[in-house]
Amino acid sequence: MVETFHNYINGEWVGGETFENRNPARISELAGLHVKGSPADVTRAATAAAAAFPEWSAMPAPARGNLLFKVADLLEARLEQLAADMTREEGKTLAESRGEVRRSINIFRYFAGEGSRMSGVLTPSERVRVHTFAFRKPLGVVGLVTPWNFPSAIPAWKLAPALIAGNTVILKPASAAPLSAWRIVEACHQAGIPKGVVNFIAGSGAALGEALVDVPELKAISFTGSCSVGHWLHERASRRRLRIQLEMGGKNPTIVLADADFNLAVENTVNAAFFSTGQKCTATSRVIVEDTIHDRFVEALVERTRNLRVGDGMKPGVEIGPAIDAAQLQTDLDYIHIAKQECGAPLCGGNRLAGGEYDQGYFVEPTVFAGVTSNMRLAQEEVFGPVLAVMRARDFEDALKIANEVPLGLAASIQTTNVSRVFDYLQKIDAGLVTVNLPSAGVEYQLPFGGTKDSSFGPKEQGPAALEFYTDYKTVYLKY
Ligand code: NAP
Ligand code: MG
C-alpha cells in the first residue's frame, strides 16, 4: 500500500493530483506519492501565512521555542522510521540518514533555545538621559526552497530559525525527496504550531518557484540548490527587492601536503569524495596532492576506493548508495565520459554498476581520475557524484593556487601537520567552510554555514548567523 502525502496549507492537508517519490536503490519501489501543488496553492498559502503572522510574531519567542522543542521531541520519538524514510527516498545509507535526522532534531533544539536569547544591540547613547537599543523583528512571510541531498537537515535549518524569529513560512521541498521535509511539517502540525504558520507545497520547482518569487505577501526567500536555479531566482527576486539568500554548488578541494598524517589523509579524502555518493555540496571533488607523495598517495587512495561497498543503503555494511535519479546518474556518466577524453582512463571506477541488485537502481562506481589540470572541465564544473579529480601540485603555494582556480568557493580541506601552513591556508583559501585534518564535508549546526564566490549569496545559515537573514533590526532612541 503506497501512502499519499498531502500538501499542508493553512493548517489543513490538501489533496490533489500526485507525483511519485521513487527509491533510487530500487526503482520499482515507491517511497510515497506526493500531491503536486499549483501556483494557486502558493497564493492560498501566502494568504494564510500573512494572516497568521500578526499572532505568531506577537507570541513571546520563548513560547515559540517551546513549540520547537516539541517538534524536536516528536522527530526524536520516530527517528528510526524517519531515517528509513530518508534512505528509501534519497538512497544514502541508513547510518547517514540516522545522523541527518539527529542533526534536524539538534537544529530544532538549538533554535528553540534561541527563543530565550534573541539578542539585539544595547549600547550607551552619546546624549544625556537617552537610552538606545535595537531589537530584532521578523520579516513576515518567507519562502524556503530546498534540494534533495539533505532532505531533512536543510529544511530544518531554514524552518527552525525562520519560525523562532516569528516569521511564517511556505516550504517547497525538492521533488526527488519530499518526504523527509514532509515529516518535519507533520511534526510541526502535531506539536500544535498554529494554522498558517507553516505551509508545505510539493511539486515542480519551475512552476511553483515562479509563483513563489512573485507572490505579493512574500518578504524573503531562502534557497539551497544549483547555481542555475539560484541565479534565476536572484534575478527575479531582485526586481522586487526581495531579501534573498542562496546556497549553491561547490568544487571543493582537499589539499594533501607531504607532511600530512598519510593514512588519515587518505581516509578523509575518500570519506569526503564518496560518502553520500559524492552528493554533498561540501564533498571533495578535487584532491590536490604535493608532488613528493603524489604517487604513493594516489596508490593508497585507489586501493581504498576500490574497497568501498556500493549498494542499497538499507543493507548493513553498505558505504555508498545510488545516485538520486536517472538524470543525476546520466550527469555522472557524462562527466566520466568528458574526463576520459580530457585525461585518459580513470584509475578506478568509471562505469554504471550492473548485474544483480545493481540493475534495480542508479548505481555508479566510485571513480578516480589522475592528471587533472585546472583547464579541464572536470576541475571546474560540479558533478555532484562520486567522481574525484586528482591534481598534482609542486608545493604548498602551488596547491593553494590550484585550489583557488575555480569560480566556486563553498568548502575546502587541508591535510598537514605544519601549523604555519594551516594558518596561511586559513587566510588565503577562497571558501566559506574550511577544515583541517578532517573531511571537507561534515558541518555542525551551531556555527555559520555558507560559501563565498559563486557558491553563495547573502547572509550565512545556521548558528547565530541564521537570525541575520530571518530578522530585521528596529533601532530605538528613547529620551527619559
Ligand atoms: P536544484 O535543481 O536547483 O533544485 C533545488 C530546489 O529548487 C528544488 O526544490 C527544485 O524543485 C527547486 N527549483 C527548481 N527550479 C526552480 C525554479 N525555477 N524556481 C524555484 N525553485 C526551483 O538543485 P538540486 O538538484 O535539488 O540539488 C543539487 C544542487 O544543490 C547542487 O548544485 C548542490 O551543490 C546544491 N546544494 C548546495 C548546498 C549548499 O548549502 N551550498 C547544499 C546542498 C545542495 P524540483 O525538485 O521540483 O526541481
Ligand atoms: Mg526519491
message = Name the single residue that is farthest from ASN10 (Cα to Cα) among those in segment 193-236 being assigned to a helix (DSSP H, G or I), within 21 Å of the chain's Cα centre (by Cα) and of a type in the set (Gly, Ala, Ser).
response = SER228
request  = Assess whether GLN380 counts as being farther than 26 Å from LYS92 by Cβ and in contact with a strand residue (DSSP E or B) (Cβ under 9 Å, 6 or more places away or on another chain).
outcome  = yes
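What number of residues in segment 8-48 are of a type outside the set (Val, Ile, Thr) and closer than 17 Å to ALA176 by Cβ?
Pass one, segment 8-48, residues of a type outside the set (Val, Ile, Thr): 8, 10-13, 15-17, 19-26, 28-34, 36-41, 44-46, 48.
Pick out the ones that are also closer than 17 Å to ALA176 by Cβ and you get 19-26, 28-34, 36-37.
Residues meeting the conditions: 17.
So which residues in segment 444-480 are aliphatic (A, V, I, L, M) and not in a strand (DSSP E or B), if there are any at all? Steps first, please.
We begin by selecting, within segment 444-480, every residue aliphatic (A, V, I, L, M); these are 447, 465-467, 476, 478.
Of everything in segment 444-480, those that are aliphatic (A, V, I, L, M) and not in a strand (DSSP E or B) turn out to be LEU447, ALA465, ALA466, LEU467.
Rundown of residues vs (1) within 16 Å of ligand 2 (Cβ to nearest atom); (2) under 22 Å from GLY115 (Cβ atoms); (3) surrounded by fewer than 23 Cβ atoms within 10 Å (Cβ to Cβ), yes/no style:
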| position | (1), (2), (3) |
| --- | --- |
| PRO54 | no, yes, yes |
| MET59 | no, yes, yes |
| PRO62 | no, yes, yes |
| ASN66 | no, yes, yes |
| ALA77 | no, yes, yes |
| ARG88 | yes, no, no |
| ALA95 | no, no, yes |
Among the candidates ARG239, ARG286, residue that is farther than 18 Å from PHE150 by Cα, within 16 Å of ligand 1 (Cβ to nearest atom) and crowded, with 24+ Cβ neighbours inside 10 Å = ARG286
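If you check PHE262 against the conditions, is it buried (at least 22 other Cβ atoms within 10 Å of the Cβ), more than 11 Å from ILE414 (Cα to Cα) and of a type in the set (A, V, I, L, M, F, W, C)?
On the way: buried (at least 22 other Cβ atoms within 10 Å of the Cβ): no; more than 11 Å from ILE414 (Cα to Cα): yes; of a type in the set (A, V, I, L, M, F, W, C): yes.
For PHE262, the condition - buried (at least 22 other Cβ atoms within 10 Å of the Cβ), more than 11 Å from ILE414 (Cα to Cα) and of a type in the set (A, V, I, L, M, F, W, C) - is not met.
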message = One residue is enough: does segment 155-177 have a residue meeting the conditions within 12 Å of ligand 1 (Cβ to nearest atom), over 15 Å from TYR470 (Cα atoms), in the same structural domain as SER57 (by TED's automatic domain parsing) and in a helix (DSSP H, G or I)?
response = no
Subset of segment 179-220 (residues that are within 16 Å of ligand 1 (Cβ to nearest atom) and β-branched (Val, Ile, Thr)) = ILE184, VAL185, ILE201, VAL213, VAL215
query = In segment 216-226, how many residues are surrounded by fewer than 23 Cβ atoms within 10 Å (Cβ to Cβ) and in contact with a strand residue (DSSP E or B) (Cβ under 8 Å, 6 or more places away or on another chain)?
reply = 3
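The values are calculated or read from the model by the stated rules, or taken from the named source; none is laboratory data. Just so it is clear, the structure is predicted and the values come from calculations on it, not from any experiment. Note that we place each Cβ from the backbone using ideal geometry, even for glycine, and neighbour counts take in every protein chain shown.
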